[in-house]
Amino acid sequence: MPAARESLLEAAGVALLARPWPSVRMVDVAAAAGVSRQTLYNEFGGKAGLGRALVRREADWYLDGVDRALRSPAGSGERLASVAEWTVRAARARPLVRALLTGSWDGNLPVPPGRAARPGVPAPGPGDLARAVRDRAAAALAAGEGAQRCELAVRLALSYVIAPAEEPGLGELLGLLRLVSEPSRTAGGR
């Protein structure tokens, strides 16, 4: 039942935005998704399974946004800045994305770190996501762009997630990223 599964995950995500995970009730999630509680239990086995699936879904949602930013027709520096902007905005908007990116989990979220997101598949940690973004960016950008610049963009964005600045601070981040993602003017003269 892929449609029921997606509806249940969507309903669980909305519920998590409205209240802490311990207060999210399975009966409410099932009702919001328009399915029976039995369907919810058949799909996820229980609240822990629903939470693990929700964590995995959020990681995939974040990485899908990274891929969209990297497919832009803009230059490589602009694409790296778009990835950084997406990272900051996604982490500000979605508590699970913020936890996945920072490793900062609390009792208001499902699945503490180190627990499997699916049987045998652990939830990605901050380093895993940073490496995934770096590798995707390095593959999407022109040859010779370098994974280091990609990783620098992600880690700089994560600094804004961990120590948030006011919204104008995001503009500063994008300006910094444009500076560090442009080829060095002095490197070619050596």
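Yes/no per residue for (1) under 27 Å from S159 (Cα atoms); (2) among the small types (G, A, S); (3) out of contact with any Asp or Glu (no Cβ under 9 Å at 6 or more places or on another chain):
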residue	(1), (2), (3)
A11	no, yes, no
G34	no, yes, yes
Q38	no, no, yes
G45	no, yes, yes
D60	yes, no, yes
A81	yes, yes, yes
E85	yes, no, yes
V88	yes, no, yes
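Comparison of V83, V55 shows that the only residue that is touching a residue at least 40 places away in the same chain (Cβ under 8 Å) and more than 19 Å from D135 (Cα to Cα) is V55. Among the residues that make up the stretch 48-58, is at least one of them part of a loop (DSSP other than H, G, I, E, B) and surrounded by fewer than 19 Cβ atoms within 10 Å (Cβ to Cβ)? No. Of the residues that make up the stretch 34-45, is at least one touching a Ser or Thr at 6+ places or on another chain (Cβ under 8 Å) and over 15 Å from P110 (Cα atoms)? Within the stretch 34-45 (the criterion being touching a Ser or Thr at 6+ places or on another chain (Cβ under 8 Å) and over 15 Å from P110 (Cα atoms)), the answer is yes, since at least one residue qualifies. For the stretch 23-47, the candidate set comprises residues that are surrounded by 14 or more Cβ atoms within 10 Å (Cβ to Cβ) and either of a type in the set (S, T, Y) or under 19 Å from the mean Cα position of the chain (by Cα) (or both); within that set, the residue that is farthest from V97 (Cα to Cα) is T39. Determine whether the stretch 59-67 contains at least one residue that is over 17 Å from L9 (Cβ atoms) and assigned by TED's automatic domain parsing to the domain that holds S104. Yes, the stretch 59-67 contains at least one residue that is over 17 Å from L9 (Cβ atoms) and assigned by TED's automatic domain parsing to the domain that holds S104. Scanning the stretch 10-22 for residues that are loosely packed, with under 13 Cβ neighbours inside 10 Å and either charged (D, E, K, R) or at pLDDT 95 or above (or both) turns up just one, R19. Consider the stretch 127-164 and keep the residues that are of a type outside the set (G, A, S) and not in a helix (DSSP H, G or I). The one that is modelled with the lowest pLDDT is E145.
The values are calculated or read from the model by the stated rules, or taken from the named source; none is laboratory data. Every value quoted in this text rests on a predicted model; they were computed, and no experiment measured them. Backbone-built Cβ (ideal geometry, glycine too); neighbour counts: all protein chains shown.
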